[in-house]
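J.: Before anything else, here's the structure in question.
The values are calculated or read from the model by the stated rules, or taken from the named source; none is laboratory data. As the structure is a computational prediction, the values presented were derived from the model and not from experiment. Cβ placement follows ideal geometry from the backbone for every residue including glycine, while neighbour counts extend to all protein chains displayed.
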Amino acid sequence: MPTDEIKDIAIAEQQLARNGQQRQYVNELTTLNLGPTHPATHGIFQNVLQMDGERIVSGVQTIGYIHRAFEKIAERRPFYQITTLTDRMNYCSSPINNFGWHMTVEKLLGVTVPKRAQYMRVILMELARISDHLICNSILGVDTGAFTGFLYVFQKREDIYEIYEEICGARLTTNMGRVGGMERDFTPTAIHKIREFLRTFPPVMREFESLFNRNRIFMDRVIDVGAITAERALNYGFTGPNLRAAGVDYDVRAMNPYSSYEDFDFDIPVGHNGDTYDRYMVRNGEIWESLKIIGQALENLPEGPYHADAPEYYLPPKVDVYRNMEALIYHFKIVMGEIEAPVGEVYHAVEGGNGELGFYLVSDGGRTPYRLKFRRPCFIFYQALPEMVKGATLSDAIVMMSSLNVIAGELDA
Amino acid sequence: MNAKLLTPAYALLTTKIMITNQEIAEDLVGKFGESAIFNAVEQYGLLQVETTTAHIVPVIEYLYQHPTFKFQFLTDLAGIHFPDAKGKELGVIYHLHSLENNVRLIIKLYVPIENPVVPTLVNQYACANWMEREAYDFFGLDFEGHPNLIRILNVEDMDYFPMRKEYPLEDATREDKIDALFGR
């Protein structure tokens with residue numbers, strides 16, 4: 001037996017002893033292929049697990065099954081065409097990715113976005129966060145055997161997608177907004193739909209929470225499962241709800257406020273143990289906080305333009321393109337990607353659905369980025385899974401993966 | 001900022017020690033000398049310094065254990081390729097974050113493409129494992145001391161490093177997309 005395997009078995013034995021259990025089989029491990037396409041893993045991940053009976057001794061991950069080379073493609077595309085790449089990363093909360101990218105480019109160009117557009121972005125980003133967390137938490141319920149909650153909240157997620165549809169015409173890969181602001185103002189229907197959502201969502205959320213939060217079966221399945229200490233989580237580069245569940249109050253919205261987040265009053269929920277239950281509760285708490293932010297932003301939505309006055313970067317209205325020479329020239333230059341950016345390097349981070357989503361953009365003054373690196377939170381924290389699953393049962397491993405909210409598109413970029 | 005707190009174990013939002021980029025740069029140059037820390041610039045409020053492969057591990061250790069700086073979070077690690085910079089073709093860009101002070105820092109180092117050996121940071125940051133594998137996968141950076149330096153996102157039998165600039169994205173044999181038509 002290789003030395004690594006002996007070491008793994010020793011660690012697993014220690015973990016089992018802590019639960020008052022013993023290893024069942026001596027020197028006889030089963031190899032289990034969990035994935036690449038397994039219904040319980042919600043995406044294409046492969047985990048080769050060494051099993052000792054029902055207990056996991058070690059796990060090796062294989063990723064990259066849907067790698068689409070976004071960073072390479074981005075080196076050939078003008079800035080506005082990269083937005084469509086970003087919303088294919090975390091497709092559960094694509095508006096956050098879109099606006100994160102727009103804000104990065106605006107930082108490079110030195111464009112200031114009007115308050116109204118910033119508030120509109122905040123509303124959409126928080127709606128996206130709600131839909132992202134709803135998916136994660138309700139699927140966690142499905143993975144523990146409770147299907148009902150999932151059906152309840154997916155109706156409300158559908159409402160969020162209808163709001164997206166009203167605002168940008170798309171539902172999943174939204175391509176929302178432009179560099180310099182939003183592509184159009186909120187229509188009265190959009191405002192109405194958001195108000196309706198704020199009115200009808202809380203009762204559904206309360207019902208969902210009453211189904212799970214103090215449910216004995218659910219609690220037994222998730223408490224003390226997949227716990228990670230704050231020190232290990234920081235060392236593994238955790239961010240977002242997974243880090244906050246371990247007790248670190250790091251939130252990009254509060255630490256480095258962007259898009260006027262400093263104007264809003266909201267709490268940052270944190271956990272204590274960093275286990276699956278804490279991650280679930282932190283996400284639920286964040287949904288309530290997001291609702292608070294949306295309410296404040298909608299009530300205080302400033303009047304004014306919804307995009308910056310930056311004609312060389314912001315696509316002019318179609319009416320002007322046909323009647324106005326200057327607008328036609330800018331339209332042509334922007335669409336053909338002839339607008340050159342200043343030389344510089346910029347890093348901009350936003351609080352994505354599951355952590356710090358960063359964009360590191362190196363511009364050499366050309367029409368495309370010289371180098372673009374996406375800091376994808378999933379890619380960074382998913383490498384902690386082998387450490388977390390050691391000594392757990394197979395069903396616990398499924399719950400851990402589910403509660404970490406690993407999104408295949410973001411993992412592989 | 002009026003975000004309130006619910007008893008976190010690490011209360012980052014309440015502890016505010018203000019340190020400036022100037023202080024960090026001066027401290028680093030004072031400690032390691034100008035031959036180890038050079039080309040310090042500030043772009044968009046973010047301090048960037050350059051170092052060498054010989055100094056990267058001591059610099060990182062120093063910043064990690066520094067009593068006030070505490071750069072204990074590795075945000076990201078990016079590779080980069082400059083084909084025209086002779087002897088400094090490949091670069092590694094470390095994004096560090098001091099969560100307690102809320103200050104970010106970029107450390108860069110460049111290595112020749114013939115011998116792109118960089119010391120690994122896996123011993124300091126567990127998250128460096130996959131980040132370095134990704135940089136190896138796409139740029140061929142050889143992280144010395146890495147426990148498992150194999151390809152991560154690309155197929156295992158790939159025999160080149162696709163993010164290097166000599167590999168064009170589009171099919172070079174296509175005739176219908178002439179650069180002149182697109183003003184390139």
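J.: Given the structure, is A:Gly304 more than 30 Å from B:Tyr125 (Cα to Cα), outside any helix (DSSP H, G or I) and either at pLDDT 95 or above or within 12 Å of another protein chain (Cβ to nearest Cβ) (or both)?
T.: The answer is no for A:Gly304.
J.: Does the stretch A:73-80 contain at least one residue that is part of a strand (DSSP E or B) and either surrounded by 18 or more Cβ atoms within 10 Å (Cβ to Cβ) or at pLDDT 75 or above (or both)?
T.: no
Results for (1) in contact (Cβ under 8 Å) with a residue 12 or more places away in the chain; (2) touching an Asp or Glu at 6+ places or on another chain (Cβ under 7 Å), shown as yes or no for each residue.
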residue: A:Tyr306; (1), (2): yes, yes
residue: A:Pro316; (1), (2): yes, no
residue: A:Phe332; (1), (2): no, no
residue: A:Glu340; (1), (2): yes, no
residue: A:Gly353; (1), (2): yes, yes
residue: A:Asp364; (1), (2): yes, no
residue: A:Arg367; (1), (2): yes, yes
residue: A:Tyr382; (1), (2): yes, no
residue: A:Pro386; (1), (2): yes, no
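J.: Also, I was wondering about something else. Might you check whether a residue that is outside any loop (DSSP other than H, G, I, E, B), under 25 Å from B:His146 (Cβ atoms) and not polar (S, T, N, Q) occurs anywhere in the stretch B:41-55?
T.: yes
J.: Within the stretch B:21-46, can you find the residues that are more than 21 Å from B:Pro67 (Cβ to Cβ) and in contact with a strand residue (DSSP E or B) (Cβ under 9 Å, 6 or more places away or on another chain)?
T.: B:Phe38, B:Asn39, B:Ala40, B:Val41, B:Glu42, B:Gln43, B:Tyr44, B:Gly45, B:Leu46 - these are the residues of the stretch B:21-46 that are more than 21 Å from B:Pro67 (Cβ to Cβ) and in contact with a strand residue (DSSP E or B) (Cβ under 9 Å, 6 or more places away or on another chain).
J.: While we're looking at this one, here's another question. Counting only residues that are more than 15 Å from A:Cys168 (Cα to Cα) and not in a helix (DSSP H, G or I), how many does the stretch A:93-120 have?
T.: Of the residues in the stretch A:93-120, 5 are more than 15 Å from A:Cys168 (Cα to Cα) and not in a helix (DSSP H, G or I).
J.: Looking at (1) farther than 22 Å from B:Arg104 by Cα; (2) surrounded by 23 or more Cβ atoms within 10 Å (Cβ to Cβ); (3) within 13 Å of chain B (Cβ to nearest Cβ), find the lone condition where A:Leu361 falls short.
T.: Unmet for A:Leu361, out of (1) farther than 22 Å from B:Arg104 by Cα; (2) surrounded by 23 or more Cβ atoms within 10 Å (Cβ to Cβ); (3) within 13 Å of chain B (Cβ to nearest Cβ): (1).
Conditions tested, residue by residue: (1) of a type in the set (Gly, Ala, Ser); (2) without any contact (Cβ under 8 Å) to a residue 24 or more places away in the chain; (3) farther than 21 Å from A:Phe381 by Cβ.
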| residue | (1), (2), (3) |
| --- | --- |
| A:Gly180 | yes, no, yes |
| A:Ile191 | no, no, yes |
| A:Ser210 | yes, yes, yes |
| A:Ala230 | yes, no, no |
| A:Asn235 | no, yes, no |
| A:Pro257 | no, yes, yes |
| A:Glu262 | no, yes, yes |
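J.: Still on this structure, please answer the following. Quickly run through the stretch B:143-161 and pick out the residues that are surrounded by fewer than 17 Cβ atoms within 10 Å (Cβ to Cβ) and in contact (Cβ under 8 Å) with a residue 24 or more places away in the chain.
T.: Those that are surrounded by fewer than 17 Cβ atoms within 10 Å (Cβ to Cβ) and in contact (Cβ under 8 Å) with a residue 24 or more places away in the chain: B:Glu144, B:Gly145, B:Pro147.
J.: Can you list the strands (runs of 3 or more DSSP E) found entirely within the stretch B:68-156 that contain at least 2 residues being within 13 Å of chain A (Cβ to nearest Cβ)?
T.: In the stretch B:68-156, the matching strands (runs of 3 or more DSSP E) lie at B:73-81, B:90-98, B:103-111.
J.: Something else: Scanning the stretch A:214-266 for residues that are touching a His at 6+ places or on another chain (Cβ under 8 Å) and more than 10 Å from every other protein chain (Cβ to nearest Cβ), which turns out farthest from A:Thr112 (Cα to Cα)?
T.: Filtering first and then ranking leaves A:Pro241.
J.: Further question on the same structure: Looking at the stretch B:114-133 only, could you name the residues that are over 21 Å from A:Gln383 (Cα atoms) and free of Cβ contacts under 8 Å to residues at least 40 places away in the same chain?
T.: B:Glu114, B:Asn115, B:Pro116
J.: What's the number of the only condition in (1) assigned to a helix (DSSP H, G or I); (2) surrounded by 19 or more Cβ atoms within 10 Å (Cβ to Cβ) that A:Thr200 fails to meet?
T.: (2)
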